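Okay, structure first, notes after.
The values are calculated or read from the model by the stated rules, or taken from the named source; none is laboratory data. All values derive from a computational prediction rather than experimental measurement. Note: ideal-geometry Cβ built from the backbone for every residue, glycine included; neighbour counts use all protein chains shown. Surface accessibility is based on the protein's heavy atoms, side chains included, excluding ligands, DNA and RNA. Shrake-Rupley method; radii C 1.70, N 1.55, O 1.52, S 1.80 Å.
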Amino acid sequence: MAPFDTRPHPLDEQTVQAPQIWVDADACPAVIRDILFRAADRARVTVTLVANQWLRTPPSPFLNALQVQSGFDAADDLIAERAGPGDLVVTQDIPLAARVLERGADALNPRGERYTRDAIAERLSLRNFMEELRGAGVQTGGPATLHARDRQAFANQLDRWLAARAPR
């Protein structure tokens with residue numbers, strides 16, 4: 001798999017801060033959050049979980065949890081506003097991934113699949129098509145169970161992102 005996109009982005013002129021990880025935590029599996037918690041301390045990178053419910057995090061100076069008002073896309077809106085160039089956003093939400101890619105952040109889903117600027121339009125089209133099918137009453141099924149190979153793929157992609165940001 002190709003490395004994370006390191007091309008300059010138009011928003012790169014904004015104030016540069018240390019890259020951090022934003023997590024769309026309402027739908028993020030607990031096992032993926034645990035991987036992120038361990039990585040935060042190991043790599044000394046800030047991980048911020050955003051959800052419309054209170055989330056418990058282990059004590060760490062690198063972990064934050066933000067609770068937003070319940071409402072349609074409230075967590076997504078906060079992440080999209082705050083994620084910037086060089087950040088990583090962990091989400092299963094394809095529209096959110098598209099928004100943060102436009103802001104220069106990287107996006108990764110909990111199965112270890114990277115969202116890229118080149119492929120996001122196709123992913124959005126497929127998502128919208130499936131949503132139309134569900135709206136018409138077609139049973140499309142839910143997401144597959146998260147397997148050990150998915151957790152490993154996520155951990156591998158996370159390690160690649162962390163390595164790309166490590167001081168040389």
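May I ask you to verify whether residue 155 is surrounded by fewer than 18 Cβ atoms within 10 Å (Cβ to Cβ), at pLDDT 85 or above and closer than 22 Å to residue 39 by Cα? Considered against the rule, which asks whether it is surrounded by fewer than 18 Cβ atoms within 10 Å (Cβ to Cβ), at pLDDT 85 or above and closer than 22 Å to residue 39 by Cα, residue 155 comes out as yes.
Among residues of the stretch 110-137 that are modelled with pLDDT under 65, those with a Cβ under 7 angstrom from a residue that is not in a strand (DSSP E or B), sequence gap 6+ or separate chain, pair up as 124/94; 124/95; 124/98; 127/94; 130/140; 133/140; 134/140. Residue 63 fulfils the conditions (1) of a type in the set (A, V, I, L, M, F, W, C); (2) in contact (Cβ under 8 Å) with a residue 24 or more places away in the chain; (3) in contact with a Phe, Trp or Tyr (Cβ under 8 Å, 6 or more places away or on another chain); (4) crowded, with 22+ Cβ neighbours inside 10 Å except for a single criterion, (4).
Look at the stretch 41-54: where a residue is without any contact (Cβ under 8 Å) to a residue 24 or more places away in the chain and farther than 25 Å from residue 71 by Cβ, no partner that is assigned to a helix (DSSP H, G or I) and open to solvent by 10 Å² or more (accessible area, probe 1.4 Å) sits 6+ places away or on another chain with Cβ atoms under 7 Å. When the residues of the stretch 66-84 are filtered to those that are in contact (Cβ under 8 Å) with a residue 12 or more places away in the chain and over 16 Å from the mean Cα position of the chain (by Cα), the one that is least open to solvent (accessible area, probe 1.4 Å) is 68.
Looking only at residues in the stretch 138-147 that are open to solvent by 50 Å² or more (accessible area, probe 1.4 Å) and aliphatic (A, V, I, L, M), the one that is modelled with the highest pLDDT is 144.
Restricting attention to the stretch 28-60, which residues are among the aliphatic types (A, V, I, L, M) and open to solvent by 60 Å² or more (accessible area, probe 1.4 Å)? If you could, list the steps in order and put the result at the bottom.
So the first thing to find is which residues in the stretch 28-60 are among the aliphatic types (A, V, I, L, M), and the list is 30-32, 35-36, 39-40, 43, 45, 47, 49-51, 55.
Passing the criteria: none in range.
For (1) under 21 Å from residue 112 (Cβ atoms); (2) at pLDDT 95 or above; (3) over 14 Å from the mean Cα position of the chain (by Cα); (4) of a type in the set (Asp, Glu), each residue gets a yes or a no:
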position: 18; (1), (2), (3), (4): no, no, yes, no
position: 21; (1), (2), (3), (4): yes, yes, no, no
position: 26; (1), (2), (3), (4): yes, no, no, yes
position: 38; (1), (2), (3), (4): yes, yes, yes, no
position: 45; (1), (2), (3), (4): yes, yes, yes, no
position: 48; (1), (2), (3), (4): yes, yes, no, no
position: 55; (1), (2), (3), (4): no, no, yes, no
position: 61; (1), (2), (3), (4): no, yes, yes, no
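Selection of strands (runs of 3 or more DSSP E) fully inside the stretch 36-119 by the criterion of at least 1 residues being more than 22 Å from residue 153 (Cα to Cα) and of a type outside the set (A, V, I, L, M) returns 63-67.
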